[in-house]
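The values are calculated or read from the model by the stated rules, or taken from the named source; none is laboratory data. Worth saying up front: this structure is predicted, and the values here are computed from it rather than measured. Cβ atoms come from the backbone with ideal geometry, glycine included; neighbour counts cover every protein chain shown. Side chains included, ligands, DNA and RNA excluded: accessible areas come from the protein's heavy atoms. Shrake-Rupley method; radii C 1.70, N 1.55, O 1.52, S 1.80 Å.
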Amino acid sequence: MKFGQTIYLDYNATTPVDPRVIESIQPWFFEKPGNAASRSHAMGWMAEEAVEQARAQTAAAIGAKPGEIVFTSGATEAVNLAIKGIGARYARKGRHFVIVATEHQAVLDTCTYLAKHGFEVTVVDVNAEGHIDIEELAAAIREDTVLVSVMMANNETGVIHPVEKIGDLCAERNTLFFCDATQAAGKVPIDVESMGIHLLALSAHKVYGPKGVGALYVRQSAPRVQLTPLFHGGGHEGDMRSGTLNVPAIVGLGCALEITAAERDRENKRLAGMRDRLEAGLREHLEGVYVNGDTENRLPHVTNLRFLHVQGDTLMTRMGSSVAVSSGSACASALAEPSHVLLSMGLSEREARSSIRFSLGRFTEPDEIEEVIRLVVREVEALRDVSPVWEMYKAGMLD
Ligand SMILES: *Cc1c(COP(=O)(O)O)cnc(C)c1O
């Protein structure tokens, strides 16, 4: 489905809100205006009931109990609450964090902040496929490590990390495991119990829900994880996140997660089929097209492609009004810096800048993929036709 004149293949940046989700949200703006914390009247009770239903839906999506869900303004807040909240709460046990180089900016920047405030952070590298070495991760964990943060699936490459193994390792080493599952939610079956996850972040606007709402899972038993809150004022959400609940958005998050779970298997197959067709179609017509990252353990709807000796920015600008894609995360593209994820996988700056992420989603249709193949092939050929670098490469003067 086109959005205006544009084929939207940037679902990892954000998703359109599913019309069914919009419908679920609608009544909570006007007809049902209650504050979920109002205990004295039916409007309040109704809002509270709706929030509790969404809490149960959110918990069900990740194998948690409803009482373990804290609603936030999104994954960035959930990440901040998890990392800073654990840092402050467990500072007496230790002040050391272990993270991975390919984590989202929300994790990296939060840890950079803590590193300036008396904490230590060890960053574990990834290999060319975007994977961590579990031995290396184990070696990074110390006596005073309080939290290990590894995302479930990478937003730029779709690479899925072996979360169960990481959970086992953290349990063995008596440290907490935080998992940013913002991109995995709705795509990968998530079970916080069997995965050994203590804290998990997700966001509605990556699963066809509204922007500005998300959740943090905080394990409440075996072990009971405690957090120092970021916000004070009223003690909402088990005193972990004060502030009047955004009832419409929370209802939308619950509804979005339920729909996504119900449709996941069929949708994953459909998406993987189109994604594979996109890769095959481009490689059939163009030489020098490479997939960045592991092609086995990855999300079904993402491909991060490198076009040899093509500037990704230029290519995207030329296609900008007809195809929406990105060079990586939305935050990184605002900085116009090459992707830290691709650099950490060993790509050179030039190679990283030749890479484009295509992320498909619920409203992507096969004929759009055919059109994108035609457009990309045309534009890459046009750029290479006038490129001295490409000419040198073809003459065997460059790799
Ligand atoms: C989008 C994203 C975030 C940030 O989520 P917001 O809800 O936009 O704050 C965090 N982590 C990952 C992996 C993401 O893809």
Any pair with Cβ under 8 angstrom, 6 or more apart, that starts in the range 66-91 at a residue that is at positive phi and ends at one that is assigned to a helix (DSSP H, G or I): Gly74/Ala204; Gly74/His205
The range 39-49 - residue that is part of a loop (DSSP other than H, G, I, E, B) and at pLDDT 95 or above and, of those, nearest to Arg362 (Cα to Cα): His41
Residue check, Thr102 assigned to a helix (DSSP H, G or I), within 16 Å of the ligand (Cβ to nearest atom) and of a type in the set (Ser, Thr, Tyr): no
Members of the range 157-186 found to be of a type in the set (D, E, K, R) and in contact with a Gly (Cβ under 8 Å, 6 or more places away or on another chain), listed by number: Glu164, Asp168
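Conditions (1) in a loop (DSSP other than H, G, I, E, B); (2) open to solvent by less than 80 Å² (accessible area, probe 1.4 Å); (3) basic (Lys, Arg), marked per residue:
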{"site": "Met1", "(1), (2), (3)": "yes, no, no"}
{"site": "Asn12", "(1), (2), (3)": "yes, yes, no"}
{"site": "Val17", "(1), (2), (3)": "yes, yes, no"}
{"site": "Glu23", "(1), (2), (3)": "no, no, no"}
{"site": "Gln26", "(1), (2), (3)": "no, no, no"}
{"site": "Lys32", "(1), (2), (3)": "yes, yes, yes"}
{"site": "Asn35", "(1), (2), (3)": "yes, yes, no"}
Tally, over the range 144-163, of residues that are under 22 Å from Leu305 (Cβ atoms) and of a type in the set (Asp, Glu): 1
Leading residue by the ranking (farthest from the chain's Cα centre (by Cα)) among those in the range 257-281 that are of a type in the set (A, V, I, L, M) and surrounded by fewer than 17 Cβ atoms within 10 Å (Cβ to Cβ): Ala280
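The rows are residues; the columns are (1) assigned by TED's automatic domain parsing to the domain that holds Ile83; (2) among the polar types (S, T, N, Q); (3) farther than 23 Å from Pro223 by Cα.
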{"position": "Ile132", "(1), (2), (3)": "yes, no, yes"}
{"position": "Ser149", "(1), (2), (3)": "yes, yes, no"}
{"position": "Phe177", "(1), (2), (3)": "yes, no, no"}
{"position": "Ser203", "(1), (2), (3)": "yes, yes, yes"}
Residue among Gly238, Gly243, Gly234 that alone is of a type outside the set (Asp, Glu), at pLDDT below 95 and assigned to a loop (DSSP other than H, G, I, E, B): Gly234
Residues within the range 58-84 that are within 16 Å of the ligand (Cβ to nearest atom) and either aliphatic (A, V, I, L, M) or not in a loop (DSSP other than H, G, I, E, B) (or both), tallied: 17
Lys93 being modelled with pLDDT of 95 or more, closer than 15 Å to Ala249 by Cα, more than 16 Å from the ligand (Cβ to nearest atom) and not in a helix (DSSP H, G or I): no
